[in-house]
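Engineer: I'd like to ask you about the structure that follows.
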Amino acid sequence: MTMYDVVVIGGGPGGYVTAIRAAQKGFKTALIEKGELGGTCLNTGCIPSKAMLEHASIIRKIESVKDWGIFCEVEKLEYGKMQKRRASIIQNLRNGVQMLLSKGKIDLIRGEAQVVGEHEIIVKKSEKSETVQSKRIVIATGSTPSVPPIPGLMDIAYDTTDTIFESNEVPASLTIIGGGVIGVEMAEIFSALGTKVTIIEVAPRILMLEDQEISKALQRKLAKRGIQFHIGHSVERCEHVDEMFRVHLANDAVIESARLLVATGRKANLEVVQNLALPVEGGKLQVNDQFATAIPSIFAIGDVVGRMPLAHVASAEGLALVDTWLGKENNLDYKKIPRCVYTLDQVASVGYTEEQLKEEHIAYRGETYSFAGNGKAMTKDQTDGFVKIFVDTQYGEVLGVTMFGPDVTEIIGYPTAVMQLEGTIEELADITVAHPSITEVIDEVANKYLNQGIHS
Ligand SMILES: Cc1cc2nc3c(=O)[nH]c(=O)nc-3n(C[C@H](O)[C@H](O)[C@H](O)COP(=O)(O)OP(=O)(O)OC[C@H]3O[C@@H](n4cnc5c(N)ncnc54)[C@H](O)[C@@H]3O)c2cc1C
């Protein structure tokens, strides 16, 4: 039996990237996947949602350009064709992952893995089981939708993000339980397709983990597009009556809709290590700074650890893990990794939010500037929004950047690079950015902070 150097369990953005890097560095590597390559990200998460958001964006654009002198309308929506486009993007990317694995000479083992010892895994296949041995085992099994124990919910055919796109028609109405990143992105998609969307959020605001001002501004924009909100209300029970879902809130309101999407977070896939009694906290597998679990030959990365449940974090953790095997330090700094919300008015942040700086009593000063005077934003008719930068008052290091506005998910890499290099606000202000561009607002905020803003 082959003794691998590395066996990775899970072919999502954490697992397949770890396997490729390990193989590049000379480790004899195998990857075990029970479902489709690409994991949640590629199959039911990042990619399908962004494909559908692209459709939403075009629909909204067509609706808005009359005022620009362009008269056109959405004649007809063929949902089946949109779904085909979504599926073909996914298939292309899956094929790409498979090709990269074979190029890296990584053994792909199809089946459900169960770790049974420090170096031993049993892989259940449809008819037989196979034992795989490895010096190092990486758990990259990700997460699945977490559904709260709401009375009545288990008896009805609600949707999660695993199923919401698997239907032939656009629902006339949709209730979304959960106003986090996934909930608001789904609301944006279906609202543009013509669905009457209602979001229920028990917390005092949507996007609780992001800047408060942004969450309010985004809610206003979504409300303008017809999305209804019940914020600060908990769900008492759900039922399905006369082909309609009914959600009963604690304040006695009842929301009725054709479909019900539960988007209340995700839970780590821990079944893979259920025989090992590894420490788990808050439902997540515990690892040390080198991503090792309590068993030194077993490591874990990505959503199953859940330090920052994002695709690029899962990949970055995998790369950092392989580095530690090569004797390098794990330098991954979660405060220098961007977070994005891909609604039509986008949110992009890196580092501390103002709320976190206050909570952690870090001495900071912030500066902000809006998109209202930005030429590029005007050409797009998207001048709502702003950029906030938070700076450490002692050394002037940039601690956090938060943006709300057009295409900000595409430009967050620029302040991230400055932060990665521990850059100061002076260094950020010194960079010459292109004109006209959305990035000019970042430049303006940095200069405004230094009392030398040209336009502010
Ligand atoms: C709707 C939605 C939108 C999202 N959008 C974004 C976004 O825009 N940007 C972003 O960064 N993140 C986004 N995410 C989050 C992102 O998808 C996850 O953070 C990311 O996929 C985690 O990667 P992972 O490799 O840890 O796990 P996963 O991608 O979940 O992959 C785990 C893999 O392990 C396999 N597996 C599990 N158990 C076993 C077993 N026992 N044996 C063999 N295989 C097993 C699974 O089949 C799966 O393929 C989104 C998520 C959702 C649901």
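Engineer: Within the P(r) computed for region 153-264, what percentage of the Cα pairs occupies the region above 24 Å?
Structural biologist: 18 percent
Engineer: Based on Cβ point charges of +1 for Lys and Arg and -1 for Asp and Glu, what charge dipole magnitude is obtained for region 212-309 about its Cα centre, in debye rounded to the nearest 20?
Structural biologist: 500 debye
Engineer: List, in order, the whole-Hz ³J(HN,Hα) value for each residue of region 298-312 obtained from phi through the Karplus relation with A = 6.51, B = -1.76, C = 1.60 and θ = phi - 60°; use x for Gly and Pro.
Structural biologist: 10, 10, 8, 9, x, 4, 5, 8, x, 5, 7, x, 9, 4, 5
Engineer: Provide the per-residue ³J(HN,Hα) series for region 213-220, in order, calculated from phi with Karplus coefficients 6.51, -1.76, 1.60 and θ = phi - 60°, each as a whole number of Hz, with x at glycine and proline positions.
Structural biologist: Residue by residue, region 213-220 yields 5, 5, 5, 5, 5, 5, 4, 4 Hz.
Engineer: Exposed loop chymotrypsin sites (Phe, Trp or Tyr not before Pro) only (DSSP loop, at most 14 other Cβ atoms within 10 Å): please give the longest stretch of the chain free of them, not including the sites.
Structural biologist: Details: sites that count: Phe71, Tyr395.
Here the longest segment lacking exposed loop sites spans 72-394.
Engineer: Projected onto the charge dipole of region 1-150 (+1 at Lys/Arg Cβ, -1 at Asp/Glu Cβ, origin at the Cα centre), which of Tyr4, Gln91, Val116 gives the Cα projection farthest towards the positive end?
Structural biologist: It is Tyr4.
Engineer: Could you tell me the center-to-center distance, by alpha carbons, between region 203-218 and region 102-164 in angstrom?
Structural biologist: 33 Å
Engineer: Using alpha-carbon positions, what is the distance between the centroids of region 430-456 and region 351-404, in Å?
Structural biologist: A separation of 12 Å, based on Cα centres.
Engineer: What number, rounded to the nearest 500 deg cm²/dmol, is the helix-based mean residue ellipticity at 222 nm of the chain, given -39500 (n - 2.57) per DSSP H run of at least four residues and division by all its residues?
Structural biologist: So the calculated ellipticity at 222 nm is -9000 deg cm²/dmol.
Engineer: Next up: Just to confirm the filter: which trypsin sites (Lys or Arg not before Pro) across region 58-102 are DSSP coil and have at most 11 other Cβ within 10 angstrom of their Cβ?
Structural biologist: Qualifying residues, ordered by number: Lys76.
Engineer: Let me ask something else about it. Rg (Å, one decimal) plus Dmax (Å, integer) for the alpha carbons of the chain?
Structural biologist: For the chain, the Cα radius of gyration and maximum Cα-Cα distance read 23.4, 70 Å.
Engineer: Quote the charge dipole size of the chain about the Cα centre in Debye, to the nearest 20; the model charges only the Cβ of Lys and Arg (+1) and of Asp and Glu (-1).
Structural biologist: On the way: 46 positive and 59 negative charges, 228 e Å.
Result for the chain is approximately 1100 debye, rounded to the nearest 20.
Engineer: Still on this model: Got a sec to turn the phi values of region 14-28 into Karplus ³J(HN,Hα) couplings, 6.51 cos²θ - 1.76 cosθ + 1.60 with θ = phi - 60°, whole Hz, x for Gly and Pro?
Structural biologist: Values, residue by residue: x, x, 5, 5, 4, 4, 5, 5, 4, 5, 4, 8, x, 7, 6 Hz.
Engineer: Hey, what D do you get for region 306-456 in µm²/s if you plug the Kirkwood alpha-carbon radius into Stokes-Einstein at 20 °C and 1.002 mPa s?
Structural biologist: 133 µm²/s
Engineer: Give, rounded to the nearest 20 debye, the magnitude of the charge dipole that region 336-449 has about its Cα centre when Lys and Arg contribute +1 at Cβ and Asp and Glu contribute -1 at Cβ.
Structural biologist: For region 336-449, the charge dipole is close to 160 debye.
Engineer: What's the exposure ranking of Glu360, Glu317, going from fewest to most Cβ atoms within 10 Å?
Structural biologist: Arranged by neighbour count, lowest to highest, Glu360, Glu317 become Glu360, Glu317.
Every number here is computed from the coordinates shown, using simple stated rules; none is lab data. Keep in mind that what you see is a predicted model, and the values were worked out from it rather than measured. Note that each Cβ is placed from the backbone with ideal geometry, even for glycine, and that neighbours are counted across all protein chains shown.
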